[in-house]
Amino acid sequence: MSNVQPSQLQAKTLLPGATIGVLGGGQLGRMMALAGTAMGYRFVTLDPTPGSPCGQVTPQIEAAYGDEEAARKLAERSDVITYEFENVDAGVAALLERESYVPQGSALLYTTQHRLREKRAIEAAGVPVAPYREVTDLQSLVVAAGELGLPCVLKTATGGYDGKGQAVIREADELETAYRELAASGSELVLEKFIPFRAEVSVIAARSPKGEIKSFPVSENIHVNGILHLSIVPARVEESIQREARKLAERLAESLNVAGLLAVEMFVTEDGGLYVNEVAPRPHNSGHYTMEACATSQFEQHIRAICNLPLGDTTLLSPVVMVNVLGQHLDEAVKRAGVPDPSLNEFGIVPKLHLYGKTESKTGRKMGHINLLCKDVQHALDWVEQTHIWRQG
């Protein structure tokens, strides 16, 4: 991989009219392109899926992420290149960095694609992570579990998302089974101490190549079956914890030399402590609430950051609950969120539905989300509970 850091690049300011190349054609790229198009930018995406979500709203180069010839075509058509998810081929990102302008760089991508490298980078920034051990074989897992104690969480170092690639180990006789199942992926493994938490929160921080940093309000996140279900803003934790969470996210953005967005997921312990669980160098599901509820959305902010424009105002304009729409929720969500509901008027709830244009709806697959603008987040949570949309799992 290239050792070039974003700060070592000649930072460019790209004005509307420039073309932004997006490595990855999923929903994050789609929403990025929609926000950037409104600002006057042009887009092109590279993705192997015909008619990808991003490719429906912008020209698409249909090719594998590891296709170097296709990557060069993307570079030829783009003034700046960004990526919309971190499992993009780091080698291709490094190639693009040499031959084009990639302010995010490949170094951060290389770091965040691997849990061990990521954890070491977080620690180097002076930010707390859950105690962990590298696992190389079954014996090292047994030793690590003895040191960290049970319960603990075994994770693949690469490739895990939405609860995949991990196993919670509560009893010693579960160690071997967990090891066999996860080692079969061929990935290196890491064991983490289980952190009893009273809340999961996240912060989206933005940093431009010239060093300006701004963070969004803290989101309180609730997961179901390992997949994000709800994001609640304002988060229902003390103001002092929210201030510290934003401070840690901004410190990481500075230490990691971020250009663009950095999503930082954290555990809040019973005594008010914060531990970073993981980071993502891109827009994030837990930041979707910003689309209507903040003065600037995370997607506009990402465009502003990579183009070296002044960062936008991150003020929260309305309390909001973001709820994910999975494949099993899709039909009912379209019916309920697509027409005004008189019963919502009393509580001032305004549902905003966003669908991603995915051609195949599957159970557990993210098909869209609804932002419930409200006067009080409890009213929005009651609405989620009282509808039948999310009772299907």
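The values are calculated or read from the model by the stated rules, or taken from the named source; none is laboratory data. The shown structure was predicted, so the numbers you read here are calculated from the model rather than taken from an experiment. Glycine also receives a Cβ, built like all others from the backbone with ideal geometry; neighbour counts cover every protein chain displayed. For the accessible areas, the whole protein counts, side chains as well, though only heavy atoms, and no ligand, DNA or RNA atoms are used. Shrake-Rupley method; radii C 1.70, N 1.55, O 1.52, S 1.80 Å.
Please specify each residue of segment 218-241 satisfying the condition of being farther than 18 Å from R391 by Cα and touching a strand residue (DSSP E or B) at 6+ places or on another chain (Cβ under 8 Å). Result: V218, S219, E220, N221, I232, V233, P234, A235, R236, V237, I241.
Taking only segment 38-50 into account, find how many residues are open to solvent by 40 Å² or more (accessible area, probe 1.4 Å) and either of a type in the set (G, A, S) or within 14 Å of G21 (Cβ to Cβ) (or both). Total satisfying the criteria: 2. Regarding V143, is this residue within 26 Å of I195 (Cα to Cα), aliphatic (A, V, I, L, M) and in contact with an Asp or Glu (Cβ under 6 Å, 6 or more places away or on another chain)? Answer is no for this residue. The residues of segment 202-214 that are over 14 Å from the mean Cα position of the chain (by Cα) and either of a type in the set (A, V, I, L, M) or open to solvent by less than 50 Å² (accessible area, probe 1.4 Å) (or both), listed by number, are R207, S208, P209, G211, I213.
The lone criterion from (1) over 19 Å from E86 (Cβ atoms); (2) of a type in the set (A, V, I, L, M, F, W, C); (3) touching a strand residue (DSSP E or B) at 6+ places or on another chain (Cβ under 9 Å); (4) touching a residue at least 40 places away in the same chain (Cβ under 8 Å) left unmet by V129 is number (1).
Among R98, R120, R115, which is the only one that is surrounded by 18 or more Cβ atoms within 10 Å (Cβ to Cβ) and of a type in the set (D, E, K, R)? The unique qualifying residue is R115. Only a single item in (1) modelled with pLDDT of 95 or more; (2) outside any loop (DSSP other than H, G, I, E, B) is not met by P50, and it is number (2). Only residues that are within 21 Å of V190 (Cβ to Cβ) and acidic (D, E) were counted across segment 262-288, and they come to 2. Set side by side, the residues G149, G165 differ, and just one is at positive phi and either surrounded by fewer than 19 Cβ atoms within 10 Å (Cβ to Cβ) or in contact with an Asp or Glu (Cβ under 7 Å, 6 or more places away or on another chain) (or both), which is G149.
Here the helices (runs of 4 or more DSSP H) wholly within segment 274-393 that include at least 2 residues being modelled with pLDDT of 95 or more are 290-293, 298-306, 377-386. Within segment 79-130, take every residue that is of a type in the set (G, A, S) and part of a helix (DSSP H, G or I) and give me the one that is nearest to V203 (Cα to Cα). Checking each candidate, the answer is A121. Being buried (at least 19 other Cβ atoms within 10 Å of the Cβ), aliphatic (A, V, I, L, M) and more than 30 Å from A178 (Cα to Cα) holds for only one residue in L74, L108, and it is L74.
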